[in-house]
Structures are given as structure tokens and as C-alpha cells.
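To start, the structure itself, in C-alpha cells.
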Amino acid sequence: MHSLTKEIRSFSRTNLRKQCTRVTTLSGKRIIETWKDAQMRVVEVADSKDGDACGYVQDLSLDLQVGVIKPWLLLGSQDAAHDLETMKKYKVTHVLNVAYGVENAFPNDYIYKVIPILDLPETDIISYFPECFQFLEQVKLKDDVVLVHCNAGVSRAAAIVIGFLMHSEGLDFARAFSLVKNARPAICPNPGFMEQLHNYQQCSNNKTETDTE
């Protein structure tokens, strides 16, 4: 917990580096999201032997690992959301898609909620909480099952699920992060999201103190 707190506090905008995310659409088109200094650029990538402009080694393996946070709350990548066998295996009924540019694979079979979020440290992830949480609460009340996903199921979707546990279960950030990490070890919210989640805990604590006075 100490190292996690230290990591959050050591976050600095000056340390942010140019980042990029690969996205493959259902039609097979490969695009790269790149951003620097809050400027976003989407580039279509032609297949070539030279690899991606971001220096990625091409990875054709699918990430079908689904983190079971609660019996009704699942976390995964776009690969899991696009794999019908995986969706059926986990009895998914609803999908919360918080990716940018990732299409819904089975619009006639599942109930989708699409909230495009950029995976940028500067993105105000907390501003998306109310809409996301409302959808998740509706699924919970119906005793249905929801899969929350973004592109890789590592940063955006993970931050939403962590925030939801803090909001609905009254957990502190460290506990919520640990539960989600144990369910899906690959998670790694970007530094900006980590900082915002930590601040969200402080805001929640202040609100609780005010309500009890």
C-alpha cells in the first residue's frame, strides 16, 4: 500500500510520455490512437512487415481473460467482448463499452451502453462515473450480468470498476484496487486515473464527514 501511495504522489505531468493504443475494428481495419500534450490523432495502419509506428511487436493472441469482480460484474478487453463463446460462458446480458473507436460486436444479442473515454492521464475519468454507475446499478438490480470493457481492459474499464466499488461498496482506493487486480492481474490504470481515484476517495471521505456533522 505504501508503494502504491508513493506511486500516486510521485505522478507528474512532466513525466508523461507520448502514448499510443492500437485498435482493430470489426471490419479488420487497424488504427492507432496517439496523443501528446492532450492532442489526439487517429491513424489508420496498413499491414506491413515493418510493424507499427509505435514500436509494438505485433501480437495476434487474444486476451479472453475475464475478471470476475462480482458474480454480476465482469471486467475484460475488447477481445472478450467480441468473442461470443466467452460472452455466453460468463452469461453476459449487458455490456458497458468505455473504449474509443471500438464497435459493439453483438448489438442484437446484448444490451449495450457506450461511453467513449480517451485513455489519457488528463481525461477527467470521474466525470464519467455517474452515467457509468447508473448503468451498472440497473444491471445489479435486475440480477443480470455486465461486462465492462475498453480496448485492452487495463486502464479505462479498470478505473471505472475500481471507482464503482469505492462508490457502491464504500471501499477505500487500496482495497478496491486490490480486489480488481486480483480478479484481472493485467489492470494498470494510467497515472492520471490513479491520482483521480485517490482524490475520489478523499472527496468521498469529506462528504461522509460533512453528512455526519
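General remarks:
- Residues in segment 187-213 that are modelled with pLDDT of 95 or more and not in a helix (DSSP H, G or I): ILE187, CYS188, PRO189, ASN190.
- The single condition among (1) under 15 Å from the mean Cα position of the chain (by Cα); (2) surrounded by fewer than 22 Cβ atoms within 10 Å (Cβ to Cβ) that GLY163 does not satisfy is (2).
- The single condition among (1) assigned to a helix (DSSP H, G or I); (2) over 20 Å from ASN190 (Cβ atoms); (3) not charged (D, E, K, R) that SER127 does not satisfy is (2).
- Matching entry among ALA186, ALA152, ALA158, ALA105 (being in contact (Cβ under 8 Å) with a residue 12 or more places away in the chain, in contact with a Pro (Cβ under 6 Å, 6 or more places away or on another chain) and within 21 Å of GLN65 (Cα to Cα)): ALA158
- Looking only at residues in segment 63-93 that are among the charged types (D, E, K, R) and buried (at least 16 other Cβ atoms within 10 Å of the Cβ), the one that is farthest from VAL145 (Cα to Cα) is ASP63.
- Single match in LYS88, LYS140, LYS113 (criterion: of a type in the set (Lys, Arg), modelled with pLDDT of 95 or more, out of contact with any His (no Cβ under 9 Å at 6 or more places or on another chain) and closer than 26 Å to GLN201 by Cα): LYS140
Quick grid of which residues meet (1) surrounded by 21 or more Cβ atoms within 10 Å (Cβ to Cβ); (2) farther than 25 Å from HIS82 by Cβ; (3) not aliphatic (A, V, I, L, M):
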position: TYR112; (1), (2), (3): no, no, yes
position: PRO116; (1), (2), (3): no, no, yes
position: ASP119; (1), (2), (3): yes, no, yes
position: CYS132; (1), (2), (3): yes, no, yes
position: LYS142; (1), (2), (3): no, no, yes
position: HIS149; (1), (2), (3): yes, no, yes
position: ALA152; (1), (2), (3): yes, no, no
position: SER155; (1), (2), (3): yes, no, yes
position: ASP172; (1), (2), (3): no, yes, yes
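The values are calculated or read from the model by the stated rules, or taken from the named source; none is laboratory data. These figures come from a predicted structure and were not determined experimentally. Neighbour counts run over all protein chains shown; Cβ positions are idealised from the backbone, glycine included.
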